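Take a look at the structure set out below.
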Amino acid sequence: MTGAPPTRLLLVGAGHSHLEILRRLVVEPLPDIELTVVSVGPLHHYSGMVPGYLQGTYREEEIAVRVPDLVAQAGGRFLAGCAVGLRPDRRSGGVVRVQTGSGGDGQIEELPYDLVSFAVGSNTAGVDAPEVAGGAQRIKPLERVAALQARLRELAAGGRTVAAVVVGGGAAGVEVALAMAAVLEQAGTPHRITIAEAGEDILSGYSHRFRRRARGILHQRGIVARSRLRVTAVHPDAVETHDGTWIPSQLTVWLTGAVAWPLFQKSGLPLDDRGFLLIDDALHSVDDPKVFAAGDCGTLASHPDTPKAGVYAVREGPILWQSLKAALHGGEPPRYVPQSGFLSILNTGDGRALLHYKGIVSHSRQAWRLKDWIDHRFMRRYQDLTEGEA
């Protein structure tokens, strides 16, 4: 008499939460599962260290985890591809449609699952518009940062004043603008960098005191932050705004807010008004307990205003692990309650960082050292495993 077949566990995306699931599977293997992991590329680049990489503080190997190696340590199979669709079935699992290869060589493969979890992050609002896509630099997927760094260094070597625009005044936009300024300053190249924010102010969601301090730092570095300025088109040497203004730009980086990938649109599962999968406090679909989501790609039905920020994806990792174990072996699933506040540290590209925590705002070298220590500690949790250190 043969035993029951293994549970087919499919992890789609190599986001922060799934890195934690893979780490847990290495140190605490689960019996009777068949693990498959789908990711667009072999490297997971940690978003918190990308500005440091852009300015040359970090090497790529410091900010990246080799996902196939981690999957192998966890006893699973790695597949390079991009999920393009979901066909759920509450009774017998379902199928995820994955495009493998690239360009005209891409093929669609259907992967069946008993349990599936998504940690695919989000796309960047407006970046795929025809008026933008051809001229804007992206950092998603994060592999594109290498191309951005190469272009920035090429401009820095030219010796002439570099005009650049960062579209989006969130934390990522501010950090990237300061990292760009650092590269140009190190090369002795003058710059005119503009942050174009469509909303009322940069760093929405932060305190007034923090925003004021950030604006002062940007001003000191020669970066102009403009609010209520919506970019409608990107040209080779300028950006065009909603009021017809043209701002010179040899390098335009697009870092606007989060929008959902289209993969859930035809799934029949409940979504929020932006297309993100609606999930309950156990991090699975409100309508299908076999489908999980963590990080940006899911929206908590009980806390729909939770920001799309990496810190929440990191905190969701242990919850997702417990929830998957409950689905596999029974038991009460955990309940995730997002934290109301968190430590935020922005790299300012000058050996210092801007820190915000519980009303405290400071700009110092100590804050940078703290950020660097936290980021390296986070990465070592996963990098050490790929070197055989469980």
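The values are calculated or read from the model by the stated rules, or taken from the named source; none is laboratory data. For clarity, every value in this text was computed on a predicted model and none was experimentally measured. Counting neighbours? That spans all protein chains shown, and the Cβs are built from the backbone with ideal geometry, glycine included. All accessible areas refer to the heavy atoms of the entire protein, side chains included, with ligands and DNA or RNA removed. Shrake-Rupley method; radii C 1.70, N 1.55, O 1.52, S 1.80 Å.
Each of D237 and A129 was given a label point 7 Å from its Cα along the Cα-to-Cβ line. The distance between the two points is 2.4 nm.
With both residues required to sit in the range 68-217, DSSP beta bridges show an antiparallel share near 70%.
Any idea what the alpha-carbon Rg over 2.2 N^0.38 Å comes to for the range 309-390? Provide the component values of the computation, followed by the final result.
Working: Rg = 16.8 Å, N = 82, 2.2 N^0.38 = 11.7 Å.
In units of the globular-protein estimate, the range 309-390 measures up at 1.43.
Reducing the range 288-305 and the range 80-99 to their Cα centroids gives an inter-centroid distance of 17 Å. Ordering A64, G13, S340 by Cα displacement along the dipole of the chain toward the positive end leaves S340 in first place; charges were set at the Cβ atoms of Lys, Arg (+1) and Asp, Glu (-1).
Calculated from DSSP H runs of 4 or more alone, at -39500 (n - 2.57) each and per residue, what is the 222 nm mean residue ellipticity of the chain, nearest 500?
On the way: 10 runs with 115 residues, N = 390.
Mean residue ellipticity, 222 nm, calculated: -9000 deg cm²/dmol.
Using R₀ = 51 Å, calculate the FRET efficiency as 1/(1 + (r/R₀)^6) where r is the Cβ-Cβ separation of E109 and Q339; round to 0.05.
Values: r = 38 Å, r/R0 = 0.74.
Computed FRET efficiency for E109 and Q339 comes out at 0.85.
Per atom type, the range 224-269 shows carbon and sulfur on 53% of its accessible surface, probed at 1.4 Å.
Mean separation of Cα pairs under 8 Å and 6 or more residues apart, divided by the residue count, gives the chain a relative contact order of 19 percent. Among L25, L370, L263, the residue with the largest mean-square fluctuation in a Gaussian network model of the chain, with springs joining Cα atoms closer than 10 Å, is L370.
Per-residue Karplus couplings for the range 227-242, computed as 6.51 cos²θ - 1.76 cosθ + 1.60 with θ equal to phi - 60°, are listed in order as 9, 6, 10, 9, 7, 10, 7, 10, 10, x, 10, 6, 10, 10, 10, 4 Hz, Gly and Pro entered as x. Over the range 252-304, the ratio between the Cα radius of gyration and 2.2 N^0.38 Å evaluates to 1.18.
With θ taken as phi - 60° and the Karplus curve 6.51 cos²θ - 1.76 cosθ + 1.60 applied, the whole-hertz 3J(HN,Hα) list for the range 265-279 is 4, 9, 6, x, 7, x, 10, 7, 6, 9, x, 7, 5, 7, 10 Hz, x standing for glycine and proline. For the range 10-59, averaging the sequence separation of C-alpha pairs within contact (under 8 Å, six or more residues apart) and dividing by the residue count gives a relative contact order of 46 percent.
Let a ≥ b ≥ c be the square roots of the eigenvalues of the Cα gyration tensor of the range 1-143; is it rounded (a/c under 1.5), or, if not, prolate (a/b larger than b/c) or oblate?
Details: a/c = 2.54, a/b = 1.43, b/c = 1.78.
The shape class here is oblate.
Extending 7 Å from the Cα toward the beta-carbon at both Q186 and D384 defines two label points whose distance is 2.9 nm. For the chain, the solvent-accessible area works out to 45 Å² per residue, with a probe of 1.4 Å and every protein chain left in place. The modelled label-to-label distance between R90 and S362, using points 7 Å beyond Cα along the C-beta direction, is 5.2 nm. Take every pair of alpha-carbon atoms less than 8 Å apart whose residues are at least six positions apart; their mean separation over the length of the range 311-390 yields a relative contact order of 16 percent. Checking the Cα-Cα distances for K266/K290; K325/K371; K140/K325; K290/K371; K140/K358 against a 28 Å cut-off, the pairs over it are K325/K371; K140/K325; K290/K371; K140/K358.
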